[in-house]
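Undergrad: Here it is, the structure in full.
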Amino acid sequence: MADTNDKIILALIGAGARGTQLILSTQENCSGVEVKYVCDVDKGRGGRAISVLKKRQKKKPKYVEDMRHVYDDKDVNAVIIATPEHWHALATVWACQAGKDVYVEKNISLSISEGEKMIEAAKKYNRIIQCGTQNRSALYSFSARDYIQSGKLGKIVLVKTYCMLPGGSPWILKPNSEIPEGLNWDLWLGPASMVPYNVSRHKAWYDWWAYSGGQVLAGDASHVLDLARMVIGDPDFPNSVYCAGGRVLFDDNREVPDYQTITFDYGNFLMTCESSKYGNYLSKTSTEIRHGNLFPNWQLNSTRIEIYGTEAMMYLGRHGGGWQVIGNDSQVLDEEYGYFPDEAHQQNFLESVRTRKIPNGDIKQGHCSANLVHLANLSYRAGKKHLLFDGKKITNSEEANFLDNRIYREGYEIAEVINE
């Protein structure tokens, strides 16, 4: 445990673009931080982070290939995990067992049971886990939640979430090839099945069920779903889910669809999600809006949330964009600008490491939001079936439960019971 005045020793696990951004931002914007390790299975990555950190902190971080070397170092207080999704749960459990606090990127797990094991590990080892759901540290997210709780929208009956990204590119499956020099392919695969090296797996891992819940749904829409849950009071799990969709823009045999329409039934209200990748007329909230006093063009905003009450409705932006409440005759009743919350989320994590207070993006809520991604994908993969869920398992489809049951490679298992 780090004392409130102690320096926090950090390590980065996964030194890609997002991991590098996270560790550099955390070191720059959080006081009393030293980065001791940069870990990646590819020796070609991590150089920029190490170079910049060496200049800033006057101490060069060590490069390591295997995260277990980081976990063996008693000096390390916390780790930032920014690997592909298939590593998130195991890396988090190992970190907790080693006495490290964790910042883990979204989507935080690849199955329903993995999230449960992460919660179990956090409780058993008294660890802080901050999920990379930055909207939970945005001031405008708190005020949107307060506004809804005040009852001014009336009774909430429908929540529509959107992650409709501009169009992508066609995909051609490359042939298997030799493992690139400097890459530990065995470690990259980790808990996933051993397969020959293929650049289409390595560089497009989000298009394979073995490594991801999908670039759009798990990688981006997960933020929108999590923010929607937060502002309406964090309901636990839906009673049922139905997901339709497929490959629309390019029928190129990728496993993961590029369009999904999802309905979550919570009993007293519905939540929907439009997750897609087509249409260059759609756009995310711009940098100018995220860092300035502007609102998006809601109609064509890729990542908006629409919350419908019996008295009024709210538009809500993700990662900045703020919120506006609309009443009769399109009148704007209330509004608040919103700003990009990445730095605030990193600062909240380090504050929690020092004080042991529950972080804004705690693992329990991260698990509840990740389950929306898992349930939607299971509905789609089980034949676009309406699935019933009791909070632990799907009750009307053995196929869906089978698909959710990850088979871990020997040496990379998550134990049925988390223990020493």
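Just so it is clear, none of the values below were taken in a lab; they were calculated from the coordinates. Keep in mind that this is a model prediction, so the values were computed, not measured. Because the Cβ atoms are built from the backbone with ideal geometry, glycine has one as well, and the counts that use them run over all protein chains shown.
Undergrad: State the extension gain, in nm to one decimal, for the chain segment bounded by residue 249 and residue 173, taking 0.36 nm per residue of separation less the distance between their alpha-carbons.
TA: Details: separation 76, 0.36 × 76 = 27.36 nm, distance 1.65 nm.
In short, 25.7 nm is gained.
Undergrad: Which number comes out as Rg/Rh for the stretch 190-275 once both Rg and the Kirkwood Rh are worked out on C-alpha atoms? Before the final figure, lay out each step's value.
TA: Working: Rg = 15.4 Å, Rh = 14.7 Å.
Result for the stretch 190-275 is an Rg/Rh of 1.05.
Undergrad: Further, regarding this structure: Rounded to the nearest 500 deg cm²/dmol, what is the calculated helix-only ellipticity per residue at 222 nm for the chain, with -39500 (n - 2.57) per DSSP H run of length n ≥ 4? Walk me through the numbers before you get to the answer.
TA: Values: 13 runs with 126 residues, N = 420.
Calculated at 222 nm, the ellipticity per residue is -8500 deg cm²/dmol.
Undergrad: What is the Cα centroid distance between the stretch 88-113 and the stretch 203-252, reported in whole angstrom?
TA: What the calculation gives is 19 Å, centre to centre.
Undergrad: Okay, next question. R0 = 35 Å: FRET efficiency of residue 329 with residue 388, Cβ-based, nearest 0.05? Provide the component values of the computation, followed by the final result.
TA: Details: r = 41 Å, r/R0 = 1.17.
Here the calculated transfer efficiency is 0.30.
Undergrad: Using the Cα gyration tensor of the stretch 117-189, with a ≥ b ≥ c the square roots of its eigenvalues, what is the shape: rounded (a/c below 1.5), prolate (a/b larger than b/c) or oblate (neither)?
TA: It comes out oblate by the Cα gyration axes.
Undergrad: Could you work out the equivalent-ellipsoid semi-axes for the stretch 85-229, taking the square root of 5 times each eigenvalue of the Cα gyration tensor, largest first, in whole Å?
TA: Working: eigenvalues 225, 105, 25 Å².
The equivalent ellipsoid of the stretch 85-229 has semi-axes of 34, 23, 11 Å.
Undergrad: Follow-up. Using alpha-carbon pairs under 8 Å, 6+ residues apart, how would you state the relative contact order of the stretch 115-268 in percent? Please report the intermediate quantities before stating the final value.
TA: Working: 139 pairs, mean separation 37.8, N = 154.
Answer for the stretch 115-268 is 25 percent.
Undergrad: What ranking do 348-360, 50-62 get when scored by the average of other Cβ atoms within 10 Å per residue, highest first?
TA: Numbers: 348-360: 20.0, 50-62: 14.8.
My ranking of the peptides, most packed first, is 348-360, 50-62.
Undergrad: Which shape class, rounded, prolate or oblate, goes with the stretch 261-344 when its Cα gyration tensor gives a ≥ b ≥ c as root eigenvalues, a/c under 1.5 marks rounded, and past that a/b bigger than b/c marks prolate?
TA: Values: a/c = 1.63, a/b = 1.17, b/c = 1.39.
Judged from the Cα gyration tensor, the stretch 261-344 comes out oblate (a/c at least 1.5, b/c at or above a/b).
Undergrad: Also, quick follow-up: Starting from the Cα of residue 152, draw a straight line to each of the lysines and keep only those under 30 Å, dropping any in the same chain fewer than 8 residues away.
TA: Output for residue 152: 160, 284, 364.
Undergrad: Would you work out if the stretch 319-420 is rounded, prolate or oblate? Take a ≥ b ≥ c from the square roots of the eigenvalues of the alpha-carbon gyration tensor; rounded if a/c is under 1.5, else prolate when a/b is larger than b/c, oblate otherwise.
TA: Working: a/c = 3.15, a/b = 1.33, b/c = 2.36.
Oblate, because a/c is 1.5 or more while a/b does not exceed b/c.
Undergrad: Specify the residue with the greatest mean-square fluctuation among 342, 66, 390, computed from a Gaussian network of the chain linking alpha-carbon atoms under 10 Å apart.
TA: So, out of 342, 66, 390, the one fluctuating most is 390.
Undergrad: Just order 35-46, 175-186, 330-341, 125-136 by mean Cβ neighbour count inside 10 Å, highest at the front, would you?
TA: Numbers: 35-46: 21.9, 175-186: 12.4, 330-341: 16.0, 125-136: 25.2.
The peptides rank, most packed first, as 125-136, 35-46, 330-341, 175-186.
Undergrad: Quick one: which of 308-315, 271-278 comes out on top by average Cβ neighbours within 10 Å, and what's the full order, highest first?
TA: Details: 308-315: 17.9, 271-278: 22.5.
Put in order of decreasing packing, that is 271-278, 308-315.
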